[in-house]
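Taking it in order: structure first as C-alpha cells, then the write-up.
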Amino acid sequence: QGDNTALALAALGILASEGFPLSDDTIRKGIAQVSWPGRLEYFSHLDSGNGSAQDYLLDGGHNPAGIAALVSELQKLDSRSIIMVWASMADKDFGQCLRLIAPLCREIIFTRPEENRSATPEQLKAALSDYPIRCHAAVPVSAALDKAASLAKKGDLICIAGSLYLVGKARAILLGALTDD
C-alpha cells in the first residue's frame with residue numbers, strides 16, 4: 001500500500017501545481033482515513049461455539065503482482081503457519097499465482113465463489129499437482145471456511161485470497177452479513 005500512497009501523493013503534487021492545492025493537514029487526514037476492506041485486511045473472528053479467536057488475513061490480490069505483494073506481507077509472519085483458502089477466476093493466471101503463494105502455506109483449501117467464471121477446485125489443484133502441499137476442495141465458500149477453521153491450530157493464520165469474489169463473500173460470511181448457498 002506504500003506504493004499506492006506514493007502514487008496518490010505524486011498525483012496530488014501535480015494537481016497542486018495546476019491550481020488545486022490541498023493542505024498537508026488535509027492530506028494527512030485523508031491518508032489516515034483510507035480503508036480498503038479485503039486488501040491486506042487482518043481481523044480476528046470469535047468462534048461462538050468454543051469462544052476462541054481465529055486470526056484471518058483477507059487479500060483480494062488476483063494477479064501475479066497482487067500475489068507478490070501478499071507474499072511479501074506473509075513473509076513477515078515467518079513464525080506463523082498459514083492455512084490458505086483460495087479461489088480464482090478461470091481467466092486469471094492462477095498457476096503462476098499459486099506457485100508464488102504455495103511455498104508459504106501449510107495447506108490450501110480450494111473453493112468456488114462464482115459459478116460461471118470461477119476455476120473449479122479440481123483445476124486449481126491440478127496447477128499444483130507437482131508441488132508437495134496438502135490441498136483440499138470445499139464448495140461452497142462457507143464449507144471452505146469451516147474446513148480452514150477445522151485445520152487451524154492455535155496461532156495459525158487463515159489467509160483468504162486469489163479472488164475478489166471470494167474475499168467479498170468470505171468477509172460477509174465471517175462478519176455475519178451473509179449465509180452461503
Discussion item. Filter the stretch 129-142 down to the residues that are of a type in the set (Ser, Thr, Tyr), surrounded by fewer than 16 Cβ atoms within 10 Å (Cβ to Cβ) and touching a residue at least 12 places away in the same chain (Cβ under 8 Å) and list them by number.
Written reply: 131
Worksheet item: Out of (1) over 18 Å from residue 58 (Cβ atoms); (2) at pLDDT 95 or above; (3) among the small types (Gly, Ala, Ser), the odd one out for residue 143 is which?
Response: (1)
Discussion item. Need the failing condition index for residue 90 against (1) closer than 16 Å to residue 60 by Cα; (2) at pLDDT 95 or above; (3) not aromatic (Phe, Trp, Tyr), just the number.
Written reply: (2)
Worksheet item: Of all residues in the stretch 90-128 being touching a Cys at 6+ places or on another chain (Cβ under 9 Å) and of a type in the set (D, E, K, R), which is least open to solvent (accessible area, probe 1.4 Å)?
Response: 107
Item to complete: Select from the stretch 142-162 the residues that are of a type outside the set (A, V, I, L, M), out of contact with any helix residue (DSSP H, G or I) (no Cβ under 8 Å at 6 or more places or on another chain) and within 18 Å of residue 104 (Cβ to Cβ) and list them in ascending order.
Response: 153, 155, 156
Worksheet entry | Extreme residue, modelled with the highest pLDDT, among residues of the stretch 149-181 that are outside any helix (DSSP H, G or I) and open to solvent by 50 Å² or more (accessible area, probe 1.4 Å) | 153
Practice prompt. Specify which of the listed residues (31, 27) is open to solvent by less than 50 Å² (accessible area, probe 1.4 Å) and part of a helix (DSSP H, G or I).
Written response: 27
Practice prompt. Test residue 67 against the stated conditions and say whether it is open to solvent by less than 70 Å² (accessible area, probe 1.4 Å), modelled with pLDDT under 95 and under 25 Å from residue 3 (Cβ atoms).
Written response: yes
Fill in: residue 150, sole failed condition from (1) farther than 17 Å from residue 93 by Cα; (2) under 18 Å from the mean Cα position of the chain (by Cα)
(2)
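The values are calculated or read from the model by the stated rules, or taken from the named source; none is laboratory data. Because the structure is a prediction, the values reported are computed rather than measured. Backbone-built Cβ (ideal geometry, glycine too); neighbour counts: all protein chains shown. Protein only, heavy atoms only, side chains kept; ligands, DNA and RNA dropped before computing areas. Shrake-Rupley method; radii C 1.70, N 1.55, O 1.52, S 1.80 Å.
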